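The structure appears below as structure tokens.
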Amino acid sequence: MSQHYLPQIARIEDKNGENAPYCPVCGQPTIKFIDNQQDINYKPCQHLVFIYVNEIDEFEYKSKDFKKRIKKLYSFADDDYFDLNEEVLSTMGYDDSLLVLEITVESMACGPTSSTMIFAFDFGYEEDD
Ligand SMILES: [Zn+2]
């Protein structure tokens, strides 16, 4: 009988919505919540490119480098019209060393709700000298 390996599906389950993913490159937490989730302390490592919240169509965090790339893309320096997809990211100069995680958190507030946050990490990040 041959050995069968099941495909692996990585699911991030976080009922409280307290934990953001750790950077897969260096292992640092992407977000630290202070107090009762009122305040968010971003202590991003150099690999974190952006955090995007689907529900409000807004960036929670943008790295300096990402801001520069957005400015190049939109001369009016406004990301209101930013459409997050592979082609736009490619136009911004990112390649397959950019890892984008789309994480949906299910939670119970006044009934079940879910929210989706997108975290992008750059495996190809190199520090400017
Ligand atoms: Zn990192």
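So which residues in the range 34-57 are modelled with pLDDT under 80, within 16 Å of the ligand (Cβ to nearest atom) and either assigned to a loop (DSSP other than H, G, I, E, B) or more than 29 Å from ASP96 (Cα to Cα) (or both), if there are any at all?
LYS43, the sole residue that qualifies.
Taking the range 89-129 as the region of interest, how many residues are within 16 Å of the ligand (Cβ to nearest atom), modelled with pLDDT under 80 and β-branched (Val, Ile, Thr)?
0
The values are calculated or read from the model by the stated rules, or taken from the named source; none is laboratory data. Bear in mind that the values here come from a model prediction, so they are computed numbers and not experimental data. Note that each Cβ is placed from the backbone with ideal geometry, even for glycine, and that neighbours are counted across all protein chains shown.
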